[in-house]
Every structure is written in structure tokens, then in C-alpha cells.
Amino acid sequence: MNLSFPILKEYTYLNTANSGILSTNLADWRKKHDEAFITGGSIFRMESLPMIGDLRNNISRLFGSKPNNTYLVQNFSVGFNTLLAGLDKNHRFLLLEEEYPSVSYPVISMGFDYHSIAIDENLEENMIKAIDTFKPTVLAFSMVQYISGLRMDDGFIQKLKTTYPDLLLIGDGTQFLGTINFNFEKSGLDALIGSGYKWLLGGYGNGYAFLSDQMKDAIYHKNKLAELPTAPFLKGKDHLSMCFEPGHLDTLNFGTLNESLNFLGAIGFNSIEKTTQALSNKARLELNSRGLIPDWTLERNYQSTIMSMPLDQKTVSRLAEAKILCSPRGTGTRISFHFYNTDEDLNQLLQVLDGRN
């Protein structure tokens, strides 16, 4: 594995939640891509355009979204802001406190009515109460919280959609997609939008937006105010793709995501989930025994690969000296485990936390 990801030879990399890493194979592909662009110019561009369709079909197949409901965006924020711009302003949003700013800020800044609830051991109960009292029309949330690592309960999402079928459910998948075997059509979500640079290891400048038919209906009419252009190079685009995919899409960035998906798909997301969950569960037990994560986080049905610890500055400095990469988030230090992490990585972390290193 170290041969594919050179950084793993230099660091204990517990920082995928901050940024995924690129493999040497991806670096070779990117080099060949740009060399072909240098040599071919517009010829290369025309010959490489089918790559965009390949990516759309690939990511749709891997994660259970309809190709016609799958849009390629530069990052989560672009996709989410585009979706919000298509919603009527009378929608009422339910948000979570301490949510990722890219989720909460656009809703608030665009003037939508909103209500926020706390994230604690009673999260699902609090959400039901808020839905029944505030009567939101949209619930927007990160599938995995970027500070605490709390993961939304898959069964609860499906139950919400069954109980409140008119409530639109929008998930930020940036800290989620790529960690488990996932099927969007069966999830209960109306939209999953995310960036590809974290768990999908696709580098920066690429992302996705999966929409349900219900969500497409909710935003379609507002985006159909003008007739579609008839220029030949825009043939095949509908009103929503003109909004979510305006202008040219970069074959380097989106091609990188496609190559990474081929790599991850060959490993298998079932295998990735099994590996990361086993290591993350072991880490949670060890950290809980040291009083670094609360008891209630162990009791949730679905767990993420992210956790946050309240560490003093001396311990944080020791982590840096030991070349263990992690991130300050909120009031804690965040760590995360991907499939390339090992028991040895966890042991390295525990040694430093225990002052044995």
C-alpha cells in the first residue's frame, strides 16, 4: 500500500477527513492526460469528452443513482448553492447546530426560514419533535458531522422519508461517500451532494449531485424559465444540467475522480466498509476507555470513520512530533481512518496519547 501512496511511508495519516491522498498511479494518469493535452490541444479535448459521460455512468452505477438524475459539480458548495437557487423561497429548513458552514450558511444567507437543533445523544428524538413543531419542508444535514464524526442513522433517514414523504431530505456526502457500500435510490434521501477530494481520493475540483425524482420536480419549473439553447455543442443538455453543469467540465479533475472510482470499485466498497469499520470501532473503544470520546457515541447503530478528542496542546504537539497527521476541529483534535490505515497506525496514536512515545 505504501508503494501506491508514498505519504504513508513518511506519516501516520489519520487525516482523510481533511484531505484524501493521491496514489502514484493517479499521478501517472494525470501526467499522461496533460501531456496528451499539450500535444493535441483541441483534438485531445474533443477525443477526451466521452470521459465525462463515463464518469456519470460510473458514479451512478457504484452508488445507485439514476444517470439522468446525476450531475457533476466542482464541489459540494457549488452543487448545494445551485440546488438552493432552484427552490422556492417559502421553503422552511431544519438544520443541525455546529453544522458544516457550507451547509448552514447558504440557507441562512439566502433568507430561508430555518430552525436549528442540537447534536447530542437524543438527536433523532429531537429531530422528530422539531419536524412536528416547526413544520419544515426541507431537512439539510451532513451525513457525517465534520467535527464529532457523528453519522446519521441510515434506518432513521428511511423512516423519516416514509413518515414525512413531502419533507425533502438533503445530505452532504463529502465525509460519507466512499466509506461504505451505499445506494442512493434506496437511502430515502432526495439529494446527496458532495466533493470528491476526501474519501473518494479524487483530488480537488470535482464532485457530484444525486437527485431524487421528487427533488427534480421541486426545482425543475423554476429552472425552466427560458428555452434551452440550440447550439450543437449543447445538444443533450436539459434545464437542470444547464444549471448544475454550466460551461466546460475539466477532464483532468473529473477524469481523476473517475480513475479513483475505478480503483476503489476494484477494491470494493463492501471491503472498504468492513476494513474501516473494524479499525474505527477498535479505535473508539480504546479512546473511550481513556475518556477521550463520550459513552453515548459508542451506542449508535451506525458509526463513521471520524472521531474527535479533547487534547491539551502538549499532546497535540507530541502528535505532530511523531508525524501523526490529524486536524484541529471545534474544541478537539479530529482523526479519521480509511482503508489504507492499519492497526499499527492506531497503536502509534495510542502510544503518543499514553505518553509512551
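The values are calculated or read from the model by the stated rules, or taken from the named source; none is laboratory data. Not measured: the values here are computed from a predicted model. We place every Cβ from the backbone using ideal geometry, glycine too, and count neighbours over all the protein chains shown.
One line per residue, one yes/no per condition, for (1) at pLDDT 95 or above; (2) at positive phi; (3) not in a helix (DSSP H, G or I):
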site	(1), (2), (3)
270	yes, no, no
273	yes, no, no
277	yes, no, no
280	yes, no, no
287	yes, no, no
296	no, no, no
303	no, no, yes
314	no, no, no
Query raised in the report: Under 8 Å by Cβ, and 6 or more places apart or on different chains, what pairs join a residue from region 11-29 that is in a helix (DSSP H, G or I) with one that is surrounded by fewer than 20 Cβ atoms within 10 Å (Cβ to Cβ)?
Result: 24/3; 24/4; 24/5; 24/6; 25/4; 25/263; 26/263
Query raised in the report: What tally of residues in region 328-357 results from selecting those that are among the small types (Gly, Ala, Ser) and crowded, with 17+ Cβ neighbours inside 10 Å?
Result: 2
Query raised in the report: Pairs, please: C-beta under 7 Å, at least 6 apart or cross-chain, first residue surrounded by 14 or more Cβ atoms within 10 Å (Cβ to Cβ) and in region 156-167, second of a type outside the set (A, V, I, L, M) and in a helix (DSSP H, G or I)?
Result: 156/124
Query raised in the report: When both residues are 6+ apart or on different chains and their Cβ atoms are under 6 Å apart, which pairs have a first residue that lies in region 330-345 and is outside the structural domain of residue 199 (by TED's automatic domain parsing), and a second that is in a loop (DSSP other than H, G, I, E, B) and of a type in the set (S, T, N, Q)?
Result: 336/16; 336/305; 337/305; 338/16
Query raised in the report: Taking interchain pairs and intrachain pairs at least six residues apart, which have beta carbon atoms under 7 angstrom, with the first residue in region 260-288 and in the same structural domain as residue 336 (by TED's automatic domain parsing) and of a type in the set (S, T, N, Q) and the second modelled with pLDDT of 95 or more and surrounded by 15 or more Cβ atoms within 10 Å (Cβ to Cβ)?
Result: 275/339; 276/179; 276/305; 276/337; 276/338; 276/339; 280/305; 280/337
Query raised in the report: Quick one: is residue 146 assigned to a loop (DSSP other than H, G, I, E, B), farther than 20 Å from residue 217 by Cβ and not charged (D, E, K, R)?
Result: yes
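Take the residues in region 241-268 that are touching a strand residue (DSSP E or B) at 6+ places or on another chain (Cβ under 7 Å) and assigned to a helix (DSSP H, G or I), then tell me which one is farthest from residue 309 (Cα to Cα). Give the derivation first.
Keep residues of region 241-268 that are touching a strand residue (DSSP E or B) at 6+ places or on another chain (Cβ under 7 Å), which gives 241, 244-245, 249, 254.
Okay, now just the ones that are also assigned to a helix (DSSP H, G or I), so 241, 244, 254.
Values: 241: 42, 244: 38, 254: 35 Å.
Going through the qualifying residues, I end up with 241.
If I filter region 88-102 down to residues being assigned to a loop (DSSP other than H, G, I, E, B) and within 22 Å of the chain's Cα centre (by Cα), which single residue comes out as surrounded by the fewest Cβ atoms within 10 Å (Cβ to Cβ)?
Within region 88-102, the first condition is being assigned to a loop (DSSP other than H, G, I, E, B), and the residues that meet it are 88-91, 97-100.
Subsequent filtering for residues that are within 22 Å of the chain's Cα centre (by Cα) retains 97-100.
On the way: 97: 10, 98: 15, 99: 20, 100: 19.
Once the filter is applied, the top-ranked residue is 97.
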Query raised in the report: Which members of region 146-168 meet the condition of being in contact with a Phe, Trp or Tyr (Cβ under 8 Å, 6 or more places away or on another chain) and under 21 Å from residue 104 (Cα atoms)?
Result: 146, 151, 152, 153
Query raised in the report: Can we say residue 80 is of a type in the set (Phe, Trp, Tyr) and in a helix (DSSP H, G or I)?
Result: yes
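Given 293, 335, 306, which one is under 25 Å from residue 154 (Cα atoms), of a type in the set (A, V, I, L, M) and touching a Cys at 6+ places or on another chain (Cβ under 7 Å)? Full working, then the answer.
Working: 293 fails: touching a Cys at 6+ places or on another chain (Cβ under 7 Å); 306 fails: touching a Cys at 6+ places or on another chain (Cβ under 7 Å).
Just one listed residue meets the conditions, 335.
Restricting attention to region 111-128, report how many residues are loosely packed, with under 12 Cβ neighbours inside 10 Å and assigned to a helix (DSSP H, G or I).
Going through region 111-128 one residue at a time, the tally reaches 1.
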Query raised in the report: Filter region 233-264 for residues that are among the small types (Gly, Ala, Ser) and loosely packed, with under 15 Cβ neighbours inside 10 Å; which is modelled with the highest pLDDT?
Result: 247
Query raised in the report: Can residue 308 be described as surrounded by 11 or more Cβ atoms within 10 Å (Cβ to Cβ), more than 22 Å from residue 7 (Cβ to Cβ) and either among the acidic types (Asp, Glu) or in contact (Cβ under 8 Å) with a residue 60 or more places away in the chain (or both)?
Result: yes
